[in-house]
DNA sequence: CGAATAGTGTCTGTGAGACAATATTTA
DNA sequence: TAAATATTGTCTCACAGACACTATTCG
């Protein structure tokens, strides 16, 4: 009992695009925001060095998220992510193989969870090499989205394992924002969304820092009365 | 010279989804935010009353925007819009005809530009009837996006033809936000993004109001020094 | 004049930015 | 003790919310 339209045709009787997913996996590398890239098949077969975001075509019965997770597992060796949709790139001619649109996704993962190989690397987002397709645009979308995330919550992407010191948290925010942040202002803006653990942590010289963990509700603007 | 992969297959040799676009056209109706709906084909053929957003399948050589514009022209009788992408809805099973994903779009249009018929109507967004597919979700996305737009700029969707009075602008913002706004606070928050024309406008009783138009750059936060 | 609408004065609270001072460690 | 780091005090500025007051027009 396949569906047929008023002309007696099924959906498969009409031309359809190939739908791909590509995911910008952001991470930190030496206190800078970086993105995971993989070598293209062409490059693996002996062409010149060419990098791209991990991606794949969507298979039947699969959601876009499923497809993104599959490509991350198989091509980037990362598991357990939660890719979020960014935008559909659909310019005709963006892919010389034919009619292909790409649903861009992004996620963030701490560097410890990545396994780099000669076909999987991590590059700072402000020093990207030439990328295949419109993958540079996707990364720009991802960076914008991540910066917006970090303006709303202490560590939405779980780049830090709690508990953490204010200094470490600030380091993460500085990497994400790409600029230095004032310690005192940063502390005060974060405190309403953090829970002090009462424990201290010392790292070399100087007064030990208190350890915090994200507050339960991670409320937006702190306590109101 | 069709592309062939390492197995000698073209893109068309693999299963592909049908890709649709659906657009939430928001407008104002009696000072309330409303959305344009069309009667489903089933309903037209004599089924029970059932409404949906205007949409269509994407054709080859066409961008998603093109497809959205085509569906708006042909099914909703509106031209000259600039639909923006919201989200891809891809739950398997969301469409009982087969593997269909929908790229949701939205745009806004002043009510004067709409021509309503017995198959095209406008309904307040907080009094929606049952809708086909996940179109209610799309409308929710669209309303959120529009509210975000109006928090950043006086009239991003050009619902008002300049010049306009502060009162009219506030009326639009109240409709979009779905709540009353304080006249004095609203005025002061808008002034940095408006240019006074020097002209006055009187509407019945009371002191005439000055007419404004959106400031050129529509700057975000007003003047800094 | 009185009602209605437009616009301004001004007070309060909140929060960011910035600089300075204090507190607690290790070398 | 000196240097390094953490934390708090405090001042300033900007801005939203709120209420009261002034301004201008029509009936």
Only helical DSSP H runs with n ≥ 4 go in: add -39500 (n - 2.57) per run for the protein assembly as shown, normalise by residue count and round the 222 nm mean residue ellipticity to 500 deg cm²/dmol.
-6500 deg cm²/dmol
Hey, rough spin-label estimate for residue A:31 and residue A:151, points 7 angstrom out along Cα→Cβ, what's it come to in nanometres?
2.4
If R0 is 60 Å, what FRET efficiency do you get for residue B:122 and residue B:12 from their C-beta distance, rounded to 0.05?
0.90
Determine the percent antiparallel among the DSSP beta bridges restricted to chain A, to the nearest 5.
70
Taking each label point as 7 Å beyond Cα in the direction of the beta carbon, state the distances from residue B:113 to the same residue in the other copies, shortest first, in nm.
4.3
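Within a 10 angstrom radius of the beta carbon, how do A:57, B:201 rank from fewest other beta carbons to most? Present the calculation step by step, with values, prior to reporting the outcome.
Numbers: A:57 17, B:201 14.
Neighbour counts put them in this order, fewest first: B:201, A:57.
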Any idea how far apart residue B:2 and residue B:174 come out in nm if each label point goes 7 Å out from Cα toward Cβ?
6.1
Peptide B:57-63, shielding by other chains (average Cβ, 10 Å cutoff)
5
Which chain A residue puts its Cβ closest to the axis that rotates A onto B, and at what distance in whole Å?
A:16, 2
Which shape class applies to the protein assembly as shown: rounded if a/c is under 1.5, otherwise prolate when a/b exceeds b/c and oblate if not, where a ≥ b ≥ c are the square roots of the Cα gyration tensor eigenvalues?
oblate
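I need A:137, A:75 ordered by Cβ neighbour count within 10 Å, fewest first.
Listed from fewest to most nearby Cβ atoms, that is A:137, A:75.
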Tilt relative to chain A, helix A:166-177 - C-alpha long axis, 0 to 90 degrees, to 10
30
Nearest-0.05 FRET efficiency for residue B:115 and residue B:199, computed from C-beta distance (R0 41 Å):
0.80
Rank the residues A:170, A:4 as a footprinting-exposure proxy: fewest other Cβ atoms within 10 Å of their Cβ go first.
A:4, A:170
What's the extension gain from residue A:50 to residue A:187 if we count 0.36 nm per residue and subtract their Cα-Cα distance?
45.1 nm
Between residue A:198 and the same site in the other copies, what are the distances in nm, shortest first, taking label points 7 Å from Cα along the C-beta direction?
6.9
Pairwise FRET efficiency - residue B:137 versus residue B:42, Cβ, R0 = 25 Å, nearest 0.05:
0.75
Heads up, segment B:92-147 by the C-alpha gyration tensor (a ≥ b ≥ c square roots of eigenvalues; a/c under 1.5 rounded, else a/b over b/c prolate, else oblate) looks prolate
Suppose we take every Cα in chain B and form the convex hull; what volume per residue is that in Å³?
195
Can you give the relative contact order of chain A as a percent, counting alpha carbon pairs under 8 Å and 6+ residues apart?
19
Residue among B:122, B:19, B:35 with the largest mean-square fluctuation in a Gaussian network model of chain B, springs linking Cα atoms under 10 Å:
B:19
Pairs of Cα atoms under 8 Å, at least six residues apart: use those to get the relative contact order of segment B:153-219, whole percent.
40
What is the extension gain from residue B:79 to residue B:207, computed as 0.36 nm multiplied by their sequence separation minus the C-alpha to C-alpha distance, in nm to one decimal?
42.2 nm
From the label point of residue B:167, set 7 Å from Cα along Cα→Cβ, how far away are the matching label points in the other copies, in nm, ordered shortest to longest?
6.1
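Values quoted throughout were computed directly from the atomic coordinates according to the rules given, and no laboratory measurement underlies them. Bear in mind the structure is a predicted one, so any value in this text is a computation, not a measurement. Ideal geometry is used to build each Cβ from the backbone, glycine not excepted, and the neighbour counts take in all protein chains shown.
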